[in-house]
Amino acid sequence: MKIGIPTEIKALEGRVGLVPAACAELVRHGHEVLVQAGAGARSGYADGDYTAAGARVVPDAAGLYGEAGLIVKVKEPLDGDLAHLRPDHILFCYLHLAANRDLAERLRALGLTAVAFETVRVGRSLPLLAPMSEIAGRLAVQVGAHLLHQPQGGKGLLLGGLPAASRGHVVVLGAGVAGSAAVEAAAALGARVTVFDICAERMDAMRRVGGNVTALYAYQQAIGETLADADLLIGAVLLPGRRAPHLVTREMLRAMAPGSVAVDISVDQGGCLETTRATTYEAPTYVEEGVTHFCVTNMPGAVPRTSSQALSASLIPHVLRLAQPDWEEDMALMEGVNVRAGAYVNAAVKAEMEN
């Protein structure tokens, strides 16, 4: 099969669908790999690296989409990508359609097969979402800690505190992959951490992270009461394929002190704060109710070298399978099919679109 790796066109998105080593693996299995010129540059991979791996570099998107049958990219297609997509294409990338009905309808109208990384499921795990979720969780703490600095408009707080200075308080909503990574990062800095979830097993795991971590059931009242003392709020709620529920209302957010920070990792699925609205790295923050919000929809794109390497390692076995004629026999990939032949296929996505 001809497999195409286009250059990402989302604002300041530095990741690439597959790194050269992954392309070499595809070539070794007899596939032809086309890479758009400059696709890997922001991840630290030159066109020559892809050529050395056996891929063919094509000058522009039109040439790449025109030849390739399977398109492997990172973020959802924008207008510049959609102009090149055809009904016979298989598109393999992050889609997050629950929060983007317009894109869902445009993909459905195209009639292509769109397989979303975030709904490929193996047992109870989401193997293509997990590495980016872990990175986003860590970044949420790093970004939040920076935004708490006074020159950034924050309350001037060092999260870990010092002797004779109080620790900062980090509240995390959700103890999945992203939430767990955020909890571990915040705890390692020395912050006081409260994490909310509804799964006893996850709460137990979070409590074992350290003595500075408290895990609580996600009662809305308990979340509201805790926010009054929070310096950094991190939203990490995930319902695969569905919009994230609003666990924090505007009224609850008002309880946070001015200069506090909210980072909503759930923004890709619509966000778990009532005040969330999607931003980009070109203008990443805004202030609502005195709280600085960071709601960038491609958080891992800030560390493209790390992200591309981690994503490629997770992707390669699934790309190899998707490139086979009998890929529909793979139940994990079939869970990932969101749109096909003008219809919504994934049950969760279909329920959102029909709601």
Please work out if V267 is at pLDDT 95 or above, under 13 Å from the mean Cα position of the chain (by Cα) and not in a loop (DSSP other than H, G, I, E, B). yes
Do we have any residue at all in the stretch 248-262 that's out of contact with any Ser or Thr (no Cβ under 9 Å at 6 or more places or on another chain), under 30 Å from L157 (Cα atoms) and in contact (Cβ under 8 Å) with a residue 60 or more places away in the chain? yes
Somewhere in the stretch 41-61, is a residue within 26 Å of M334 (Cβ to Cβ), of a type outside the set (F, W, Y) and free of Cβ contacts under 8 Å to residues at least 40 places away in the same chain? no
Test L82 against the criterion of being buried (at least 19 other Cβ atoms within 10 Å of the Cβ) and either of a type in the set (V, I, T) or under 30 Å from A351 (Cβ atoms) (or both), and give yes or no. no
I'm told P325 meets every condition in (1) surrounded by 19 or more Cβ atoms within 10 Å (Cβ to Cβ); (2) in a loop (DSSP other than H, G, I, E, B); (3) in the same structural domain as V72 (by TED's automatic domain parsing) except one. Can you identify the failing condition by its number? (1)
Against the condition closer than 24 Å to A348 by Cα and in contact with a strand residue (DSSP E or B) (Cβ under 9 Å, 6 or more places away or on another chain), how does Y94 come out, does it pass? yes
Here is a list: T194, T226. Which entry is among the hydroxyl-bearing types (S, T, Y) and within 23 Å of A130 (Cα to Cα)? T194
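The values are calculated or read from the model by the stated rules, or taken from the named source; none is laboratory data. Just so we're clear, the structure is a prediction, and the values are computed from it rather than from any experiment. No Cβ is skipped: glycine too gets one built from the backbone with ideal geometry, and neighbour counts run over all protein chains shown.
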